[in-house]
Amino acid sequence: MSTSTPHPLDIVIIGAGIGGLSAGIALQRSGHRVRLFDRVPQLTPAGAAISIWPNGVNVLEKLGLGAAIKAVSGGMDAMSYSTLTGELLTRFSLEPLYQAVEQRACPIARTALQSILLQACGPEHVTLGVTCEGVEALADGVRVSFSDGQQIDADLVVAADGTHSRLRNYVVGREVQREYCGYVNWNGRIDAADDLAPSGEWTQFVGEHKRVSLMPMGNGQLYFFFDVPLPAGTPNQREAYRDELGAHFSGWAAPVQRLIERLDTAIVSRVEIHDMPPVPSFVKGRVVLLGDSAHPMAPDLGQGGCQALEDAWVLARCLALHAPDAALVEYNAARADRTAQIMLRARERCDVTHGRDATKTQAWYEELAQETGERVIAGLAKTAAGGGEWLA
Ligand SMILES: Cc1cc2nc3c(=O)[nH]c(=O)nc-3n(C[C@H](O)[C@H](O)[C@H](O)COP(=O)(O)OP(=O)(O)OC[C@H]3O[C@@H](n4cnc5c(N)ncnc54)[C@H](O)[C@@H]3O)c2cc1C
């Protein structure tokens, strides 16, 4: 990316998650003046780890952070599925994927990713503990109001304020509701051990419309999660997690039982998974949605964070090549369809895995028993390579 732009802009970014920080880095490298604001007093990401698939790693490489990310992420060389009783359905190498898209996947601790992004963005550009309360269009920019009473005028506001975005309704022009995907996810980290999952392998157990996953996340640890289809609003009581999981996974394979016995419930997150139908536009005037504010999706493709990274890169490229209003039109054209397709595919994957139609889930279990890796890798490669010319 060019390090300067003919018209440096004054840009305010709301939210210092993966989307806000990566946009901050990309926009600063184009020569813009960037200020980020987050409502939390301290940046502590929710969730233990995140799998950054090759398309996300490609953006991190473009931002100059590939080596830093690779140094601390997990080595994930193979993938397997077993039945709930531990009978192997399929196991295959991920090397053909990495060769086809010329990039690896990097599962990484969320704290490590955030720290790398924050350092690259410059902590001095990030103000914590202030909530954006609203925006108002000006003749050639935007006025942003904050909870501490200050107002800031900017040429452009990037709303990277996450799945509960306050600015989304402003951009879309109506109230938009998230939708419950029908399952609860417990996730956390645990010391790696061969009696939980083979080293270097993403290990999954599936059955009864539930799923257990163990993935290497670097630093000698495994990122684990459990998915269970449940009605919305079931009690979330940390002291009950082990018993709850014990009941949901009674009779499952020995590694699943060991995982439940060993997990530290103090560092487990329990999340009701939501997504949203795609919104028609990410842009209103000089306010632009990016990351989960634009496209909260089911995590079943592991693409929410990767798409936030793609958004950040494309927004900065568009602004480097066009005047602001034209750049935002380009950004919207490049990102709205791409992310809508991924949101819909993530929901389809979610529905098949979690038994929305039991016949389809049963057919998937049967497919897995025949899987050589080719079909799964083709799907992963399609997602990784589908970002269009802005990401080439
Ligand atoms: C269980 C689970 C597993 C997942 N696994 C993966 C995976 O493997 N791979 C992947 O790529 N993605 C994954 N995702 C998705 C990924 O976590 C998100 O897509 C990503 O974190 C979105 O980043 P963001 O910056 O858009 O939003 P966030 O990370 O939510 O950041 C938004 C920030 O905005 C701040 N904020 C909100 N409102 C305001 C306001 N009014 N004023 C100021 N600040 C505000 C918040 O405090 C927050 O820091 C997963 C999600 C879940 C739930």
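The values are calculated or read from the model by the stated rules, or taken from the named source; none is laboratory data. Because the structure is predicted, anything quoted here is derived from the model rather than measured. Cβ coordinates were reconstructed from backbone atoms using ideal geometry, including for glycine residues, and neighbour counts include every protein chain displayed.
Considering region 265-285, the residues that are part of a loop (DSSP other than H, G, I, E, B) and modelled with pLDDT of 95 or more include one that is surrounded by the most Cβ atoms within 10 Å (Cβ to Cβ), namely F282. Of the strands (runs of 3 or more DSSP E) lying entirely inside region 7-109, those carrying at least 2 residues that are at pLDDT 95 or above, of a type in the set (K, R) and away from the ligand (no atom under 11 Å from the Cβ) are 33-38. Residues that are surrounded by fewer than 22 Cβ atoms within 10 Å (Cβ to Cβ) and part of a strand (DSSP E or B) were ranked within region 147-166; the one that is farthest from the ligand (Cβ to nearest atom) is D153. For region 293-306, the set of residues classified as part of a helix (DSSP H, G or I) and either more than 22 Å from K382 (Cβ to Cβ) or more than 6 Å from the ligand (Cβ to nearest atom) (or both) consists of S293, D300, L301, listed by residue number.
Starting from region 154-175, keep only residues that are without any contact (Cβ under 8 Å) to a residue 24 or more places away in the chain, then list their pairs with residues that are outside any helix (DSSP H, G or I) whose Cβ atoms are within a distance under 6 Å, requiring at least 6 positions of separation or different chains. Short answer, once both residue conditions are applied: N169/E175.
The residues listed here are L344, L319, L309; of these, the one that is at pLDDT 95 or above, outside any loop (DSSP other than H, G, I, E, B) and touching a Ser or Thr at 6+ places or on another chain (Cβ under 6 Å) is L309. Restricting region 317-327 to residues that are within 19 Å of D140 (Cα to Cα) and in contact (Cβ under 8 Å) with a residue 40 or more places away in the chain, the residue that is surrounded by the most Cβ atoms within 10 Å (Cβ to Cβ) is L319.
Pairs linking a residue in region 31-54 that is at positive phi to a residue that is small (G, A, S), with Cβ atoms under 6 Å and 6 or more positions apart or on different chains, are G31/S4; G47/S269.
All of (1) of a type in the set (V, I, T); (2) without any contact (Cβ under 8 Å) to a residue 60 or more places away in the chain; (3) closer than 11 Å to A26 by Cα hold for V314 with one exception: (2).
State yes or no: is T361 touching a residue at least 12 places away in the same chain (Cβ under 8 Å) and farther than 22 Å from V171 by Cβ?
yes
Among the residues making up region 366-381, those that are over 26 Å from the mean Cα position of the chain (by Cα) and surrounded by 12 or more Cβ atoms within 10 Å (Cβ to Cβ) are E367, A369, E371.
Taking every residue in region 118-141 that is under 22 Å from H164 (Cβ atoms) and without any contact (Cβ under 8 Å) to a residue 40 or more places away in the chain and pairing it with any residue that is within 10 Å of the ligand (Cβ to nearest atom) and assigned to a strand (DSSP E or B), at least 6 positions away or on another chain, the pairs with Cβ-Cβ distances below 9 Å are E133/V144; E133/F146; G134/V144; E136/V144. Scanning region 189-234 for residues that are within 22 Å of H274 (Cβ to Cβ), assigned to a loop (DSSP other than H, G, I, E, B) and of a type outside the set (V, I, T) yields H209, L230, P231, A232, G233. Say whether the condition of being more than 15 Å from the ligand (Cβ to nearest atom) and either assigned to a strand (DSSP E or B) or modelled with pLDDT under 95 (or both) is met by at least one residue in region 237-260. No. Any residue in region 358-373 that is more than 28 Å from C121 (Cβ to Cβ), in a helix (DSSP H, G or I), of a type in the set (S, T, Y) and touching a strand residue (DSSP E or B) at 6+ places or on another chain (Cβ under 7 Å)? So far as region 358-373 goes, yes, one or more of its residues are more than 28 Å from C121 (Cβ to Cβ), in a helix (DSSP H, G or I), of a type in the set (S, T, Y) and touching a strand residue (DSSP E or B) at 6+ places or on another chain (Cβ under 7 Å). Remark: pairs (first residue in region 248-266, closer than 11 Å to V212 by Cα; second residue in a loop (DSSP other than H, G, I, E, B); Cβ separation under 6 Å; 6+ apart in sequence or on different chains) = W252/L84; A253/T85; A253/G86; P255/L196; V256/F249; L259/L196. Taking region 230-258 as the range and being surrounded by fewer than 18 Cβ atoms within 10 Å (Cβ to Cβ) and touching a Gly at 6+ places or on another chain (Cβ under 7 Å) as the test, only A254 passes.
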